[in-house]
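Heads up, the thing below is written out as structure tokens.
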Number of protein chains: 2
Amino acid sequence: MNKNLINGISADRIGIDDRGLRYGDGLFETIAFSAGRASLWDRHMSRLTEGCLRLGLDEPDRDLLSAEANLLAGPHDRAVIRIILTRGTGGKGYIPPETPRLTRIVQCLDAPPEDAGPQGLRAFWCSIRLADQPALAGLKHLNRLEQVLAGDECRRAGCDEGFLMNGAGELIEAIHSNVVIATDSGLVTPVLDRCGVQGVGLAWLMDQPDVTVEQRRIDRSEVEQAREWMVINSLRGIRPVTRLDGLERQPGPACRQLQELWNHMMDDHAA
Amino acid sequence: MNKNLINGISADRIGIDDRGLRYGDGLFETIAFSAGRASLWDRHMSRLTEGCLRLGLDEPDRDLLSAEANLLAGPHDRAVIRIILTRGTGGKGYIPPETPRLTRIVQCLDAPPEDAGPQGLRAFWCSIRLADQPALAGLKHLNRLEQVLAGDECRRAGCDEGFLMNGAGELIEAIHSNVVIATDSGLVTPVLDRCGVQGVGLAWLMDQPDVTVEQRRIDRSEVEQAREWMVINSLRGIRPVTRLDGLERQPGPACRQLQELWNHMMDDHAA
């Protein structure tokens, strides 16, 4: 069984001149498969396509990616597929080649272990701030040093997640997830027009007809006063955050309601 | 003759799980060799060491890097050595491994072609702005999508260089170089504490006893009123910029003086 395909060929190494390594010049997606199906496949492909458009890359061939991802995921109960698209080789230093030939990597990873989701996550405020860069905001690109440095803080803090602010002290996202908070006036999530990743799980949530999530600027004090905190990502769904530095919250009704919706969606697709 | 060494072994491919590809989790240096010597070697090693410190990587083994770089550069008249250090594999997603085993890549590239330096470079103002990220400012790390997007603008503009501003509209650097301008009150170069790369050529220049370069904030209008514009990088030295969008300047005395100093330093080291 192949575990990795590079441009359609079974392989696990790429050239050191690939612009993905040299400059992080590319995009990725990490996609949950269950019994041979990926519930959020179309949303992953939409984000990848938008990323290609914004970085000046040819639109990805969705049918080809789907065929390769399905081949690797197989009929297993759970699998995680990572797709990486880079601008390939060539160009003159930073200046990209006029007609790049993309490097297409499709990998089958071990499914993430079940974790402390139901009991709630321990989170903290990261000291590193996310930089405002509208040209890259929302994309899942390969320039992830901010998340690596935040991840290093997370490991040292002994936490499961870290909340990240921009330079102005507004909540943007968590290291591995988007964040939704329940306030007196309803569910709120940060705007992601200047930094942060536009999560596929969050996009699904915001499209649910029975759910209203307001997207607006949220400062730290509003987060700390919220009734409930939760994080969402496409691999692990919706999970309550029960500790944020010195503050504590019990998993609440808003989180339970969204988790039910999520599970329903996953069951529907698996059926 | 080996052209590339990966962890000391002749090779030209790295694993797709390397964090250098996945997250741009690493640093690089591009170093000019002339007749088997690199005049600015110590300065390149200083920046690389500082980068390792700030990213939480073990200090590089300078003797080992020197031996590998010299082996690849050989006694040729001109050679360019690229060193890439990544955090290697492992960790849990973004969260880095506690004791990373670095990937060490040393490459011998073709020397850059002689270009229109003496005649002066055509430059333009890039529309993309550099994001403020003090945690990464100054470093030559592998997250270079901003430069790639600026490079794409540069290619489409038909220019040799692009001047980059931060969000506040202050000059920071050029795509491939640092910038020095000659004003009525002397030579000035931007501060690089929030974004930009701390160039090795610029560091050399600022250490010259006979040269005074003030480092401070410079807004666009001051750049446009300057007597001379010049760019500096360790591979190509100091070059005049003779066009900046619709404005023109002749190569002037300040640039000629600095070029003489540079050539003197290069000759000294080659002697």
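Each value in this text was obtained by applying a stated rule to the coordinates, not by laboratory testing. Note that the structure is a prediction, hence the values are computed from the model and not measured. Here the Cβ is made from the backbone with ideal geometry for all residues, glycine too, and neighbour counts use every protein chain on show.
Expressed in nm², what is the orientationally averaged projection area of the convex hull enclosing the Cα positions of the protein assembly as shown?
25.8 nm²
Would you order B:269, B:176, B:141, A:264 from fewest to most other beta-carbon atoms within 10 Å of each residue's own beta-carbon?
Ordered from fewest to most neighbouring Cβ atoms within 10 Å, B:269, B:176, B:141, A:264 come out as A:264, B:269, B:141, B:176.
Kindly flag which residue pairs out of A:140/B:140; A:92/B:92; A:3/B:140 have an alpha-carbon separation exceeding 25 Å in this structure. Present the calculation step by step, with values, prior to reporting the outcome.
On the way: A:140/B:140 22 Å; A:92/B:92 34 Å; A:3/B:140 33 Å.
In this structure, A:92/B:92; A:3/B:140 lie more than 25 Å apart at Cα.
For chain A, what is the calculated [θ] at 222 nm in deg cm²/dmol (nearest 500), taking -39500 (n - 2.57) for each run of four or more DSSP H residues and dividing by its residue count?
Dividing the helical sum by the residues of chain A leaves -8500 deg cm²/dmol.
Skipping prolines and chain starts, which residues have an amide H placed within reach, meaning under 5 Å, of the one on residue A:172, given they are 5 or more residues away or on another chain?
Amide H to amide H, under 5 Å and 5 or more residues apart or across chains, residue A:172 pairs with A:164, A:165, A:166.
Assuming a ≥ b ≥ c are the square roots of the Cα gyration tensor eigenvalues, decide whether region B:182-254 counts as rounded (a/c under 1.5), prolate (otherwise, with a/b larger than b/c) or oblate.
rounded
Filter the trypsin sites (Lys or Arg not before Pro) in region A:162-225 down to the DSSP loop ones having no more than 14 other Cβ atoms within 10 Å, then list what survives. Display every interim value, and only then the final one.
Working: sites: A:194, A:216, A:217, A:220; in loops: A:194, A:216, A:217.
Answer in residue order: A:216, A:217.
Rounded to the nearest whole Å³, what is the per residue volume of the convex hull around the Cα atoms of region B:4-109?
87 Å³
Counting other C-beta atoms within 10 Å, which of A:248, A:146 has the fewest, and how do the rest follow?
If I rank by nearby Cβ atoms, fewest first, I get A:248, A:146.
Enter the mean number of other protein chain beta carbons within 10 Å of the beta carbon of each residue in B:84-92, as an integer.
Per residue, the number of nearby Cβ atoms from other chains is 2 on average.
Going by alpha carbons, how many degrees (0 to 90, nearest 10) lie between the helix axis of A:41-55 and the longest principal axis of chain A?
70 degrees
Can you put B:104, A:144, B:62 in order of Cβ neighbours within 10 angstrom, beginning with the fewest?
On the way: B:104 20, A:144 23, B:62 15.
Lowest to highest Cβ neighbour count: B:62, B:104, A:144.
Calculate the all-directions average of the projected area of region A:51-178's alpha-carbon convex hull, and give it in nm².
Reported value for the Cα convex hull: 10.3 nm².
Would you give the gap between the C-alpha center of region A:135-200 and the C-alpha center of region B:156-174, rounded to a whole Å?
28 Å
Once you average over the residues of A:94-105, how many Cβ atoms of partner chains fall within 10 Å of each Cβ? Walk me through the numbers before you get to the answer.
Details: counts 14, 12, 5, 1, 3, 0, 0, 0, 0, 2, 0, 2.
Counting other chains' Cβ atoms within 10 Å and averaging over A:94-105 gives 3.
Taking θ = phi - 60°, what integer Hz values does the Karplus form 6.51 cos²θ - 1.76 cosθ + 1.60 yield along region B:96-102, in sequence order, with x for Gly and Pro?
x, x, 5, 10, x, 9, 4
With θ set to phi - 60° and the Karplus curve 6.51 cos²θ - 1.76 cosθ + 1.60, what are the ³J(HN,Hα) couplings of region B:19-29 in order, to the nearest whole Hz, using x for Gly and Pro?
Taking θ as phi minus 60°, the curve returns 5, x, 6, 5, 10, x, 8, x, 9, 8, 9 Hz for region B:19-29.
Using only atoms on other chains, find how many Cβ atoms lie within 10 Å of each Cβ of peptide B:51-64 and report the average.
Per-residue shielding by partner chains comes out at 1.
Sorted from largest down, give the three principal axis spans of the alpha carbons of chain B, whole angstrom values.
Here the spans come out as 52, 44, 35 Å, largest first.
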